[in-house]
Amino acid sequence: MKSKQVACPGILGGLGPLAHIELERHLIDEGVRRGAVGDAGHPVWILISATDIPDRTLSLQRRADACAPALVRYGNRLHAAGADFIVVPCNTAHAFYEQVHRELRVPWVHLIEHTARHVAREHRAVRRVGVLATDGTLGAGIYPRSLRQHGLEAIAPEIGSDVQAQVMQAIYHPGWGIKACPSEPHARARTLLLQAATALVERGAEAIVVACTELSVALRGMASHAGVPLIDPLQVLASATLDLAFGTSAALSNTSHPILLEPSAA
């Protein structure tokens, strides 16, 4: 018997161009894994592709307009359209979580918190977690904070290092970066990302979080690299979204960290 949907997700997408599409792929794949066999087996969700939100890394560096007001505006627009909670498939956007969530009329599921919890629960032998991300995500320290709460240590390239420069080029290069050609990521971008992942393994990383939606796109289908698991936050987010949509997590409430809701006893 099909589970009854109890909450409608709102997806604030467009950050970058394929972020929400990649999340939707994971939502559908996870739905099939859970038994969906046709259209009605998947939940209703609402999407805004908000491509005009200023770049999150540049906003953090004060090299672009502040993006928090736009995150608030679009989040509340999703609520007005009928969303009971929102998900934002952009890791760096979560650097603005505390500022934005106070002004939202709808709970925002915290991608980074949920990813850290997933690592702790599903990879119990792992203690040192590599993080591949934008300068903005690394500079904001959002992954180290969340991982530390679960007894995990974050290992990441230093901002300004050659390895981190490779990651940023792979994402942003105007000719062959993933944002420039998202549908078919350039082989050069993929190679640079895998080299950066290898560098983290050499520093002791026992698992690697691909903590940028462009990396999720470029490394799609890769479960491991250099002998360690690759963890895609979008896959984690898809699972959490379905749990909330079908009521297999506790009821939503507009708390500061709605993602910390435990699974229901039912």
Subject >> Cβ-based net charge around LEU234, under 12 Å, with every Lys or Arg adding one and every Asp or Glu removing one >> reply: -4
**OP:** Starting from the alpha-carbon convex hull of segment 1-133, give the projected area averaged over all orientations, in nm².
**Re:** 9.6 nm²
Original post:
Using alpha carbons only, how many degrees (0 to 90, rounded to 10) separate the axis of helix 162-172 from the longest principal axis of the chain?
Top reply: 50 degrees
**OP:** Taking the chain as the reference, fit the longest principal axis to its C-alpha atoms, fit the long axis of helix 68-81 to the helix C-alpha atoms, and give the angle between the two in degrees, 0 to 90, nearest 10.
**Re:** 30 degrees
Original post:
To two decimal places, what compactness ratio does segment 112-233 give when its Cα radius of gyration is scaled by 2.2 N^0.38 Å?
Top reply: 0.98
Original post:
Tell me, what is a quarter of the convex hull surface for the C-alpha atoms of the chain, in nm² with one decimal?
Top reply: 13.6 nm²
**OP:** Note down the nm distance, to one decimal, between modelled labels 7 Å out along Cα→Cβ at SER49 and at VAL32.
**Re:** 2.2 nm
**OP:** Starting from the Cα of GLU158, step 7 Å along the direction of its Cβ; do the same at MET222; then give the gap between the two resulting points in nm.
**Re:** 2.5 nm
Subject >> Amide H partners (placed H, <5 Å) of ASP55, local residues excluded >> reply: none
Original post:
Given a cut-off of under 8 Å on Cα pairs at least six residues apart, what relative contact order in percent is computed for segment 112-233?
Top reply: 27 percent
Subject >> On Cα atoms only, tilt of 233-245 relative to the major axis of the chain in degrees >> reply: 10 degrees
Subject >> FRET efficiency estimate (nearest 0.05) - Cβ-Cβ, GLU202 to LYS4, R0 45 angstrom >> reply: 0.40
Original post:
Which FRET efficiency, nearest 0.05, do ALA40 and ALA125 yield, Cβ-Cβ r, R0 41 Å?
Top reply: 0.55
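Rule-based calculations on the coordinates, nothing more; no lab input. Since we're looking at a predicted model, the values are computed, not measured. Cβ sites come from the backbone with ideal geometry, for glycine too, and all protein chains shown count toward neighbours.
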